[in-house]
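Working notes for the structure below.
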Amino acid sequence: MFNRIAVFRAELGLSRKDLATRIGVNPQTIGCLERDDYAPSLELGLKIARVFSTPVEEVFSLEPFPRLIPIFRQAETR
């Protein structure tokens with residue numbers, strides 16, 4: 001499973017500890033999720049997506065997410 005937890009955390013300025021507190025887990029759990037060492041339960045995935053105010057599919061995927069740098073570069077040329 002792939003995720004963008006670190007990207008969303010950075011966008012909101014949240015530390016691992018901040019996110020962990022908001023969803024009721026240990027900060028180490030967030031680290032494991034970000035390293036893809038642990039697949040979240042549906043409940044945990046939904047809680048994380050709620051903190052980020054985004055659909056769960058924007059945070060988690062069974063396929064790799066597209067790289068963001070080419071998307072940003074394309075937007076800059078418009």
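Remarks
- The residue that is surrounded by the most Cβ atoms within 10 Å (Cβ to Cβ), counting only those in region 52-62 that are over 18 Å from Arg35 (Cβ atoms) and touching a residue at least 40 places away in the same chain (Cβ under 8 Å), is Phe52.
- The helices (runs of 4 or more DSSP H) located wholly in the chain that include 3 or more residues which are modelled with pLDDT under 95 occupy 68-76.
The values are calculated or read from the model by the stated rules, or taken from the named source; none is laboratory data. Here the structure is a predicted model, which is why all the values come from computation and not from measurement. Quick reminder, even Gly has a Cβ in these numbers, built from the backbone with ideal geometry, and neighbours come from all protein chains shown.
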